[in-house]
1. Kindly establish whether Arg207 is charged (D, E, K, R) and buried (at least 20 other Cβ atoms within 10 Å of the Cβ).
2. Anything in region 343-360 that is crowded, with 20+ Cβ neighbours inside 10 Å and over 11 Å from Val383 (Cβ atoms)? List them, or say none.
3. Across region 99-119, which residue is farthest from Pro206 (Cα to Cα) among those that are under 33 Å from the mean Cα position of the chain (by Cα) and crowded, with 20+ Cβ neighbours inside 10 Å?
4. Tally time: how many residues in region 120-137 are of a type in the set (S, T, N, Q) and within 35 Å of the chain's Cα centre (by Cα)?
5. So Leu235 ticks every box in (1) surrounded by fewer than 20 Cβ atoms within 10 Å (Cβ to Cβ); (2) touching a Pro at 6+ places or on another chain (Cβ under 6 Å) but one. Which box is left unticked?
6. Pairs please, first residue from region 308-322 and on the phi > 0 side of the Ramachandran plot, second anywhere and modelled with pLDDT under 90 and not in a loop (DSSP other than H, G, I, E, B), Cβ atoms under 7 Å, 6+ apart in sequence or on different chains.
7. Working only within region 613-666, note down all residues that are part of a loop (DSSP other than H, G, I, E, B), closer than 27 Å to Glu537 by Cβ and of a type in the set (Val, Ile, Thr).
Amino acid sequence: MEESEDLRKKYLQLKQEINYHNYRYHVLDDPEISDEAFDKLLIELRKIEEMHPEWITPDSPTQRAGSTVSEKFEKVTHPVQVLSLANAFNKQDVINWLDRTEKMDPRIKYADFVLEPKIDGLTVVLTYQNGLLIRGATRGDGIIGEDVTPNIRTIKSVPLAIPVSEKSIKVPETIVVRGEVFILESDFEKINAELAKRGEKTWVNPRNTAAGSLRQLNPEITAQRPLRIFTYQILFSSSDQPIPDTQWGTLEYLQQLGFPVSPDSRYCENREQMLNHLDEWQEIRNRLDYEIDGVVIKINDLRIAGSLGFVGKDPRGAIALKFPAREATTKLLDIGVNVGRTGVITPYAILSPVEIGGVVVKQATLHNFDFIRDRDIRIGDIVMIKRAGDVIPYVIGPLTEKRDGTQVPYVMPDRCPSCGQPLEHLENEVAVYCVNNACPAQLVRNVEHFASREAMDINGLGIKIVEQIVQNGLIKDVGDLYSLKKEDLLSLEGFGDKKAENLITAIENSKKQPLSRLINALGIRGVGEVMAITLAEHFPSLDQLKNATADDLMQIEGIGPNVAQAILDWFSRDTNQMVLKKLQNAGVWPVNMEAAESDKAPQVLAGKTIVVTGTLSHFTRDEIKDFILKHGGKPTESVSNKTSFVIVGENPGSKRDKAIELGIPLYTEQMFLDMVGIEKNDQRTID
């Protein structure tokens with residue numbers, strides 16, 4: 001008896017807690033907990049109600065679709081109840097749902113399905129009479145919503161009159177459409193950047209931005225926000241015109257009327273195809289520019305779906321497969337600092353461990369020091385963090401209402417935490433730098449970059465061996481590589497005579513690399529492969545480059561004041577001058593004779609962005625890259641709308657398919673040679 005009373009108390013407490021969080025999320029647009037934490041509370045409540053169905057009352061969160069209506073808007077009664085869906089959390093839950101519905105109606109065994117993205121936005125109900133928009137309302141509690149018609153009218157993708165096109169399509173006298181208002185993640189970032197620039201409070205996530213924008217009392221504010229809508233359901237239609245009786249047909253019909261629908265919805269012919277498609281949705285989620293927290297699975301035949309009835313508030317004819325949460329709240333214990341290869345000082349959050357999507361997160365990026373300042377993030381704050389796909393978790397912002405006075409504002413360091421040198425912050429740049437090339441924290445990454453294939457190409461000098469060499473104190477900077485002896489390497493674990501000889505030989509051979517490779521290898525901030533080639537063309541030796549002025553550098557196309565200053569700063573450092581002296585003494589001091597003689601290759605590829613895929617017959621991958629660069633082109637690794645053409649060799653990969661999808665021209669190797677005016681038998685003499 002006592003145990004039952006305790007469970008009853010827990011049940012009442014759960015109801016109160018869930019209703020509170022519903023209010024925070026749907027009414028105030030200011031949630032205190034993550035979606036995953038909310039789902040756990042709801043699951044716990046459902047379990048108790050399964051044991052004690054007699055306890056269920058109309059105010060239970062399981063018996064309604066939304067939340068309390070805000071008093072600041074006029075109330076609107078929907079023509080039919082606007083329902084939410086039951087949740088599945090894995091594929092087995094979906095299979096169990098299919099099995100249950102099949103027992104109720106054997107036709108489900110042969111049914112087709114529609115998969116739609118579960119958009120993380122704000123549900124709205126649009127009412128049209130005689131083709132004109134007369135009302136836009138929020139879902140509210142599913143029966144009564146909020147009249148936000150003036151704000152809805154500001155959304156450019158919402159038709160004010162239907163049909164939008166000139167197609168001869170008859171529209172029902174009255175039609176009520178359901179959709180989801182949201183904001184693109186790219187637009188969200190722009191809004192936050194503008195708010196931060198003005199010193200105003202930034203938004204936490206795109207969903208809150210969309211909800212808060214739509215529920216403004218002043219429509220002029222809503223009009224300034226880039227809101228969008230996707231529609232997916234006809235809630236009501238007068239009987240004067242028939243409407244589709246399938247979900248896929250409904251989406252097509254809505255499009256014909258002029259309503260936007262998600263282009264990412266999928267039609268599945270049968271159960272097996274639908275279950276197989278579910279595996280693709282995590283990848284789809286990661287490439288979308290809008291937030292989704294799951295995929296909605298609908299039986300395509302709406303007559304069959306409707307005949308299945310309801311379980312509480314949930315229709316049996318559809319289910320929402322929820323994705324693992326990508327957001328969570330936890331405590332910020334401290335702020336640490338990393339020093340990158342190029343000297344960029346990056347702050348990171350040290351967190352009280354929290355699980356997100358099956359991964360325990362203890363650290364997250366804080367982007368940069370301006371981000372900490374603009375978001376007013378303090379040590380001890382409860383913060384919202386996010387993890388999307390394989391992306392490193394990052395802090396979204398603090399929950400300021402959770403502060404109790406113990407939180408401490410963060411003070412940015414003014415010296416490098418590794419070498420103690422003063423940090424540098426260039427005007428108009430967010431990043432903060434340590435420009436000491438001998439900084440211990442940068443050394444391993446500097447040496448790894450120096451030896452990389454795109455730089456000095458020292459075969460066998462990978463990150464693990466670099467760590468061994470540095471940790472054993474054999475080198476203090478990249479110049480010391482050329483003083484290494486076989487005996488030094490033999491003292492390291494895993495090195496025998498042959499391995500040591502090979503590495504010493506590879507280091508010696510790297511002295512033959514051209515000037516552009518050496519410039520790239522130095523790791524000057526803002527100077528990569530392409531810029532290094534440009535500099536080598538204008539300054540035939542390091543002697544000339546290190547004596548160049550800011551004006552000399554800025555005469556070169558592509559070099560602005562920040563890159564010019566970064567080059568000057570690098571050469572002005574005593575530690576870097578010492579590195580150059582060691583390189584020169586070791587004979588690593590190439591001269592670009594072609595540049596010295598002003599004998600440049602014809603720039604036949606100027607302005608072209610080129611991708612290579614597959615195996616070529618007459619070039620190695622490095623040779624084709626060098627050739628493109630030398631003749632004015634820009635080689636890149638990924639295909640985009642900016643790609644000029646793709647060179648396709650044998651066994652091409654997905655880049656070829658992407659190019660076809662985007663309509664990018666495909667060139668065979670011979671077509672490329674013909675284009676640049678080189679005879680097939682001369683290709684090995686092009687350099």
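The values are calculated or read from the model by the stated rules, or taken from the named source; none is laboratory data. Since we're looking at a predicted model, the values are computed, not measured. With ideal geometry, Cβ positions are generated from the backbone for all residues, glycine too; neighbour counts draw on all protein chains shown.
1. Numbers: charged (D, E, K, R): yes; buried (at least 20 other Cβ atoms within 10 Å of the Cβ): yes.
It is true that Arg207 is charged (D, E, K, R) and buried (at least 20 other Cβ atoms within 10 Å of the Cβ).
2. Across region 343-360, the qualifying residues are Gly343, Ile345, Pro347, Ile356.
3. Of the residues in region 99-119, the ones under 33 Å from the mean Cα position of the chain (by Cα) are 112-119.
Applying the additional criterion that residues be crowded, with 20+ Cβ neighbours inside 10 Å yields 113-119.
Details: Phe113: 29, Val114: 26, Leu115: 23, Glu116: 19, Pro117: 16, Lys118: 14, Ile119: 11 Å.
Of everything passing the filter in region 99-119, Phe113 is farthest from Pro206 (Cα to Cα).
4. At the first step, the residues of region 120-137 found to be of a type in the set (S, T, N, Q) are 123, 127, 129-130.
Add one more test, that the residue is within 35 Å of the chain's Cα centre (by Cα), and what stays is 123.
Adding up the residues that qualify gives 1.
5. Going through (1) surrounded by fewer than 20 Cβ atoms within 10 Å (Cβ to Cβ); (2) touching a Pro at 6+ places or on another chain (Cβ under 6 Å) one by one, Leu235 breaks only (2).
6. Hits for this filter: Gly312/Thr62; Gly312/Gln63.
7. Thr620, Thr643
Residue-by-condition table, conditions (1) among the hydroxyl-bearing types (Ser, Thr, Tyr); (2) surrounded by 17 or more Cβ atoms within 10 Å (Cβ to Cβ); (3) under 20 Å from the mean Cα position of the chain (by Cα); (4) not in a strand (DSSP E or B):
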| position | (1), (2), (3), (4) |
| --- | --- |
| Phe371 | no, yes, yes, yes |
| Asp376 | no, no, no, yes |
| Val383 | no, yes, yes, no |
| Glu401 | no, no, no, yes |
| Gly405 | no, no, no, yes |
